[in-house]
Amino acid sequence: MTTDNRIRKIAIVGGGTAGWMTAAALAKILGPGYAEITLIESDEIGTVGVGEATIPQIRTFNTMLGLDEDEFIRRTQGTFKLGIQFRDWGRIGDHYFHPFGPFGVDMEGVSFHAFWLRLNQQGDSSSISEYSLQAMAAERGKFMRPIDAGRSPLSKIAYAFHFDAGLYARYLREYSEGRGVSRLEGRIVDVALRGEDGFVERLTLGDGRTVEADLFVDCSGFRGLLIEGALKTGYDDWSHWLPADRAVAVPCERVEDPVPFTRSTARAAGWQWRIPLQHRTGNGYVFSSRFIDEADATADLLSQLDGKALAEPRTLRFTTGRRRKSWNRNVVALGLASGFIEPLESTSIHMVQSGIANLLAMFPTKAFEQAETDRFNRVVAYEAERIRDFIILHYNATQRTDTEFWNYVRTMPVPDSLLEKYEIFRSRGRVFRENEELFNDTSWFAVMIGQNVAPASYDPVADVLTVDETRRRLAQTAEAIRNSADYMPAHAAFIAEHCAAR
């Protein structure tokens, strides 16, 4: 006789983007007959909803769900995103672009970056952005989806989205409920643990209703109601490297056609985001309360808005870091319940998506095998730490000395894993992607060069081409990029034709 160990009941604690992404993915992949899925959320508590900018991986998630992209854009008041523009990060007055998609094309088996560095170090003044279709299109306010155009850069256009996170959660709620997910409105007032093994057994709501499940997914936000409140998992604090601990956010009226990029502007004690949507512009100031008080940060943000504020500013408080385990016993924490890294590179929603993918890859039975739990925690921790290092890079690779905040982050010790990246890059401008880490060589190169980290030399294998041949090929690449960007329609015109919100 065999024992039925299959997970039969799943409870998701918390709604918002993380909760409804989880509900939608589980309902889609597991299907209607696998397990009963219940999501519990309270309208009293509300959600954070700062994750309005994304990276291209979100398209994989939406495709997996079978969402129509134009309808998704309409329903979320979305716009398109080709990358992030950074202002004042290296020095005040500097700006650079971190694009989706590569710079140029590799030649003779050698990274394009090496050939560009070789010419740059011989006095060539071309910007690395001239070899990125995303950067050139963004500068011109252009956008289109890729088309079948042979070897043209137009055949490969990587992009992501800006959208209203609250509308996205509402859209996914409809999707999930249509696939059998049950929603319970209510506040959880008690979490009961099993005596023999400390697993979560039952949740009690304020009106006395109870919810039992085999697997619990904690999407309860910063407080981590189950992963921390009930299971006392512990938290690794990274604020000595990433001292920002507040974000004040406010939407404002749209005063121009939305640009196809996120803007990040370094401020006195942190940075300001600007996210263009169809119906409004999202703004926020991520800052460290050690170096500026909340009132001054709020006043600073309000003074920088393009248009009239559409709501009162609200402040979020956080501690950058991660849970020591994202999966503990029969609880998996996703989103802010798992940890928080400021959204400087728009990774918040991606980390929810990645956590869901890892959960599905190692989906448990009621036995909850320790080896599977351990692997999940190792994979999630590795990704979080590599993203952490990339965010630290933006702060540490600065020449700014104008405030105490920038003096602190410029001179602080950095993790050994980041130090190695620095040392290899400073030698010959090389970057290596380790074990499928999220950010590739293009991303690291864009930020290093953009913030004036100067390599001493270049990859010697770039000498396989003569200087004249290298110059000819780079000029040819830049021309193809310019012509492609000129061909693309205006971002606003593309939205108007395909996916304007009703």
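Taken together, the values in this text are just the output of simple stated rules run on the coordinates, not laboratory data. Nothing here was measured: the structure is a model prediction, and the numbers come from that model. Reconstructed Cβ throughout: ideal geometry from the backbone, glycine too, with neighbour counts over all protein chains shown.
Note on T401 and K28: the model spin-label points, each 7 Å out from Cα along the C-beta direction, lie 5.2 nm apart. A DSSP coil position with no more than 13 other Cβ atoms inside 10 Å describes the following chymotrypsin sites (Phe, Trp or Tyr not before Pro) in segment 427-481: F432. Local charge for V255 was computed over the other residues whose Cβ lies under 12 Å away, with Lys and Arg +1 and Asp and Glu -1, and equals 0. Note on segment 246-317: Rg/Rh from C-alpha atoms, Kirkwood Rh, equals 0.96.
Model label sites at E174 and S125, defined 7 Å from Cα along the beta-carbon direction, differ in position by 5.3 nm.
Give me K81, K9, K421 sorted ascending by neighbouring Cβ count inside 10 Å, so fewest comes first. Intermediate values should be presented prior to the final figure.
Details: K81 29, K9 14, K421 22.
Sorted ascending by nearby Cβ count, the order is K9, K421, K81.
Debye-formula intensities of segment 299-414, expressed as log10 I(q)/I(0) at q = 0.18 Å⁻¹, are -1.00 (one equal scatterer per alpha-carbon, no solvent). Averaging over all projection directions, the Cα-based convex hull of the chain occupies 25.6 nm² in the image plane.
Seen from all sides and averaged, what is the projected area of the convex hull of the Cα atoms in segment 58-133, in nm²?
Averaging across all directions leaves 8.0 nm² for the Cα convex hull.
Averaging 1/r over every pair of different alpha carbons in segment 1-160 and inverting the result gives a Kirkwood radius of 19.8 Å. The longest stretch of the chain left intact once loop-based GluC sites (Glu not before Pro) with at most 15 other Cβ atoms within 10 Å are removed from consideration, loops following DSSP, is 257-368. Beta bridges from DSSP with both residues in the chain: antiparallel share about 70 percent, rounded to the nearest 5.
For segment 467-502, backbone nitrogen atoms closer than 14 Å to the point 7 Å from I147 Cα along Cα-to-C-beta are found at 483-490, 494. For segment 363-502, the convex hull drawn through the C-alpha positions has a volume of 267 cubic angstrom per residue. The modelled label-to-label distance between D237 and K9, using points 7 Å beyond Cα along the C-beta direction, is 3.8 nm. In whole Å, how far is the Cα centre of segment 96-120 from that of segment 187-258? Cα centroid to Cα centroid, the span is 42 Å. Residues R473, R433 in ascending order of nearby Cβ atoms (within 10 Å, fewest first): R433, R473.
Sorted from greatest to least, the principal axis extents spanned by the alpha carbons of segment 117-247 come out as 70, 43, 29 Å.
Rounded to whole Å, give me the distance from the Cα center of segment 435-502 to that of segment 280-357. Between the Cα centres of segment 435-502 and segment 280-357 lies a distance of 29 Å. Hydrodynamic estimate: the Kirkwood radius of segment 100-149 over Cα pairs, inserted into Stokes-Einstein at 25 °C and 0.890 mPa s, corresponds to D of 199 µm²/s.
Pulled fully out, how much extra length does the chain show between V255 and A496, if you take 0.36 nm times their separation in residues and subtract their Cα-Cα distance? Mind showing how you got there, number by number?
Values: separation 241, 0.36 × 241 = 86.76 nm, distance 1.66 nm.
Extra length from V255 to A496 when fully extended: 85.1 nm.
With q set to 0.20 Å⁻¹, the log10 of I(q)/I(0) for segment 216-357, from the Debye formula over equal scatterers at the Cα positions, is -1.15.
For segment 291-322, which trypsin sites (Lys or Arg not before Pro) are in a loop by DSSP, counting at most 13 other Cβ atoms within 10 Å?
Values: sites: K308, R314, R317, R322; in loops: K308.
Here the sparse-neighbourhood loop sites are K308.
Taking the inverse of the mean 1/r over every pair of distinct Cα atoms in segment 351-429 gives a Kirkwood hydrodynamic radius of 15.2 Å. What net charge is computed for the residues neighbouring A27, neighbours being all others with C-beta under 13 Å from the C-beta of A27, Lys and Arg scored +1, Asp and Glu -1? Neighbourhood net charge equals +1.
Please arrange F80, F97, F368 by how many other C-beta atoms lie within 10 Å of their C-beta, fewest to most.
F368, F97, F80
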